[in-house]
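Trainee: Below you'll find the structure I mean.
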Amino acid sequence: MDRQQFLSRLQQRIAILDEVEQTDIIDEYAQHIDLEVANGKSQEEAIAEFGDFDELVAEILSAYPSAELKPAEGDAGGGDLPQAAGVADYAQGDASAMLSIGDKLDLMERFSRLKDARERRRQAAVAAAAQATDVADGAVATPAGSKHPVLKSAAALPGKGARATGRGIIWLVRVALVVCLAVLLLFCVLTALAFMVGFGVSIVMGIQGYPLIGIALLCLGLGAIVCGLALLLLQGIRKTHDWKRLSPTQERTVTEHV
Amino acid sequence: MNSQFKKGVLELMVLKTVRRRDVYGYELVETIRQAIDVNEGTIYPLLKRLTNERYFETYLRESPEGPPRKYYHITAAGILQLDALEREWDEFHNSVCEFLKEMNERG
């Protein structure tokens with residue numbers, strides 16, 4: 001068996017794998033053979049050193065979990081097969097029968113059945129969630145594990161009007177908080193600037209002989225504290241700005257996921 | 001050498017080789033072959049398995065002698081696995097040596 005025959009046979013036998021993986025494997029073995037030939041061996045000798053061909057294929061396939069199997073045509077996902085039914089199971093069997101058409105069809109059928117079952121479960125869950133939302137008389141849904149107290153209290157309000165009021169309150173609170181933080185931030189920035197100017201003046205006067213080194217250090221320290229405070233406020237504003245108000249569509253989606 | 005022995009320690013040897021420096025497949029095979037006579041067919045699937053288990057990362061590097069070569073680089077998980085295997089190997093080796101020594105003394 002020469003290089004070309006070996007590689008084409010190998011490709012046929014690993015056709016169950018993803019194309020990228022197939023190319024990767026073929027490239028690696030082709031390169032190995034090329035390097036062996038460059039070192040003075042014949043192609044046949046280099047290939048013979050790989051050992052029994054069927055065992056080689058079985059070893060290669062056993063290195064892959066089932067999630068990397070090429071999905072059946074028309075299937076978008078590729079990772080639904082249970083791990084226990086991986087390629088390794090096939091690799092342990094008769095290597096020559098490993099990639100028979102029958103095995104492939106069986107594998108694809110199982111994959112397809114699992115996918116259908118998952119879709120049915122998902123649809124049932126969505127329907128149940130929608131029903132639960134209707135029964136709750138329009139209560140506002142909150143994300144699972146939401147820690148925001150305003151959102152939680154708004155969720156407790158019944159009825160559509162209350163829901164709109166809750167959203168309005170949240171918006172007002174958020175705007176008020178941002179404005180307060182921004183005012184404080186401005187105050188801190190101005191104070192920090194004043195301390196910096198004070199520090200500069202004290203240093204200059206200190207150089208001229210006035211005993212102002214203590215005041216200069218005080219200005220420096222206070223300026224640093226105010227700068228730190230300003231940074232904290234800035235972070236607070238950014239966090240407040242990042243709060244996401246849920247639209248009715250998003251609320252419904254969250255309910256379905258819960 | 002018994003092929004089952006070789007198969008058992010091959011993972012340890014491969015991890016140890018890649019731990020020293022990044023290597024490409026053929027280079028790794030050559031390094032291992034200097035120590036034990038090994039079937040190349042078993043090393044490439046092992047490299048693939050160790051990569052799939054996130055013990056190795058791979059990257060391509062240009063080669064002056066042909067197409068780019070795929071280099072293997074050990075990950076933090078790979079280093080931990082190597083340490084565990086080395087400990088196991090030491091324990092196993094010491095136990096077997098002790099056993100053989102004891103049997104020789106008795107017999």
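Trainee: I'd like the residues of the stretch B:62-88 whose 1.4 Å-probe accessible area shrinks by no less than 30 Å² going from the isolated chain to the full set of protein chains.
Mentor: B:R69, B:K70
Trainee: At 7 Å along Cα-to-Cβ for each site, give me the label-to-label distance between A:K239 and B:Q4 in nm.
Mentor: That separation, rounded to one decimal, is 6.1 nm.
Trainee: Please list the helices of chain B that count as membrane-span-like by this rule: a mean Kyte-Doolittle hydropathy of at least -0.5 together with Cα atoms stretching 24 Å or more along the helix axis, each helix being a complete DSSP H run. Spell out each step's value before the answer.
Mentor: Values: long enough: B:3-20 (25 Å, -0.05); B:76-106 (45 Å, -0.56).
Counting only whole DSSP H runs, the qualifying helices are B:3-20.
Trainee: So, one more: Taking chain B as a Gaussian network, where each spring joins two C-alpha atoms under 10 Å apart, which residue of B:E91, B:E62, B:E53 fluctuates the most?
Mentor: B:E62
Trainee: Whole-Hz Karplus ³J(HN,Hα) for the stretch A:219-232, in order, using 6.51 cos²θ - 1.76 cosθ + 1.60 and θ = phi - 60°, x for Gly and Pro?
Mentor: Karplus values, whole Hz, x for Gly and Pro: 4, 4, x, 5, x, 5, 4, 5, 4, x, 4, 4, 5, 4.
Trainee: Which cross-chain or sequence-distant (5 or more) residues have an amide H under 5 Å from the amide H of B:Y24, H modelled 1.01 Å from N in plane?
Mentor: Excluding prolines and chain starts, which carry no amide H, the hits are B:Y72.
Trainee: Between A and B, buried accessible area summed over both sides at probe 1.4 Å, in Å² to the nearest 100?
Mentor: Numbers: alone 16610 and 7490 Å², together 22430 Å².
For chain A against chain B, roughly 1700 Å² becomes buried.
Trainee: So who's got an amide H within less than 5 Å of the one on B:F56, skipping anything under 5 residues away but keeping other chains? H placed 1.01 Å off N, in plane.
Mentor: Those qualifying (amide H under 5 Å, at least 5 residues apart or on another chain) are B:T51, B:T75.
Trainee: Can I ask one more? Quick one: length gained pulling A:Q11 to A:V201 fully straight, 0.36 nm per residue minus the C-alpha distance?
Mentor: Stretched out fully, the A:Q11 to A:V201 stretch lengthens by 60.4 nm.
Trainee: Another question, if that's okay. How big is the Kirkwood radius of chain B, worked out from every pair of different alpha carbons and given in Å to one decimal?
Mentor: On the way: mean 1/r = 0.0656 Å⁻¹.
Result for chain B, one decimal place: 15.2 Å.
Trainee: Let me ask you something else. FRET efficiency for B:E105 and B:E11, Cβ-Cβ distance as r, R0 = 35 Å, nearest 0.05?
Mentor: On the way: r = 33 Å, r/R0 = 0.95.
Computed FRET efficiency for B:E105 and B:E11 comes out at 0.60.
Trainee: May I pose another question? In whole Å, what is the distance between the alpha-carbon centres of the stretch B:30-65 and the stretch A:15-55?
Mentor: Cα centres, the stretch B:30-65 to the stretch A:15-55: 12 Å.
The values are calculated or read from the model by the stated rules, or taken from the named source; none is laboratory data. Everything numeric here is computed off the predicted structure, so don't read it as measured data. Virtual Cβ from ideal backbone geometry, glycine too; neighbours counted across all protein chains shown. Protein only, heavy atoms only, side chains kept; ligands, DNA and RNA dropped before computing areas. Shrake-Rupley method; radii C 1.70, N 1.55, O 1.52, S 1.80 Å.
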